[in-house]
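Have a look at the structure below before the remarks.
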Amino acid sequence: MAAMTQKTLLLTGASRGIGHATVKAFQNDGWRVLTVSRTAFDERCPWHAGATDHFQGDLSDPASRADLVARVRDTIGRDGLQAIVNNAGISPKGEGGARMGIADSDDTLWQQVLAVNLIGPAALMRDLLPELEQAQGAVVNVGSIVGSRVHPFAGVAYACSKAALAALTREAAAELGPRGIRVNMVTPGEIETGILSPGTEEMAKVIPLRRLGQPDEVARVVLFLCSGQASYVNGASIDVNGGQHV
């Protein structure tokens, strides 16, 4: 009986940081979590089902993405998909972790960033729309504070991709809401993960809470937005940044 009622989440960018924390939060709440990343399953990852529920795929490549969708559809069968969390994202850096500005960002870099950070989430929503509609599911796009302000470390292509992701969230919420699918966004600020740019710790001085955020603090908001507790929340963007935006 429990298997029949278990909700299923598809999470991209699951290999570290916020992705890891999101897996734990949803599994602790009884969800089945299907994870996606460009790399093979890592034995250090905390998934209960191990490699069984992990899919290796490149969201920037249409052929790879089509194969990924087919495998996911085959895995979930007729039960539908209760949630997608679009967490995968790339933020290229220059030499020594330098910020990639307009002068440093060539066409290839722009195409790579937009393919993963924007087109990937849009394509997953489109391609798995029947499964989302069947389950009256929810989508959460993981944005960033850099989508609305210039940041000392995040490059221009990454910033533009996150600003566009906010627009995609609004568009999808308006279009898919009548079909029973809620689409929202969470916008983290400075979150303490293993890939922080040097100097990020200093930014705590200008954050009202005077500290960096933790991945699980973002994951809990994502879980809320996918839950029945947020049943009337649609098209929203929730800041998780300790007040950095004020």
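Read the figures in this text as sums done on the coordinates, not as results from a lab. Here the structure is a predicted model, which means the values were calculated and not measured. Note: ideal-geometry Cβ built from the backbone for every residue, glycine included; neighbour counts use all protein chains shown.
Normalised by the number of residues in the range 2-235, the average gap of Cα pairs under 8 Å and 6 or more apart makes the relative contact order 21 percent.
Computed from the alpha carbon atoms alone, the convex hull of the chain holds 126 Å³ per residue. Here the sum of -39500 (n - 2.57) over DSSP H runs of 4 or more residues, divided by the residues of the chain, equals -10500 deg cm²/dmol at 222 nm, to the nearest 500.
Only Lys, Arg, Asp and Glu carry charge here, each on its Cβ (+1 for the first two, -1 for the last two); on that basis the range 113-246 has a dipole of about 240 debye about its Cα centre. If you plug the beta carbon distance of GLU175 and LEU209 into 1/(1 + (r/R0)^6) with R0 = 35 Å, you get a FRET efficiency near 0.45.
If you restrict to DSSP beta bridges whose two residues both lie in the chain, what percentage is antiparallel, to the nearest 5? The antiparallel fraction comes to roughly 0 percent. For the range 2-235, the Cβ-based charge dipole about the Cα centre amounts to some 540 debye (Lys, Arg positive; Asp, Glu negative; other atoms uncharged). Legend: helices of the chain (whole DSSP H runs) are marked when their alpha-carbon atoms reach 24 angstrom or more along the helix axis and their mean Kyte-Doolittle hydropathy is at least 0.0; marked are 156-176. Springs join every pair of Cα atoms under 10 Å in this Gaussian network model of the chain, and among LYS205, LYS162, LYS93 the largest mean-square fluctuation is at LYS205.
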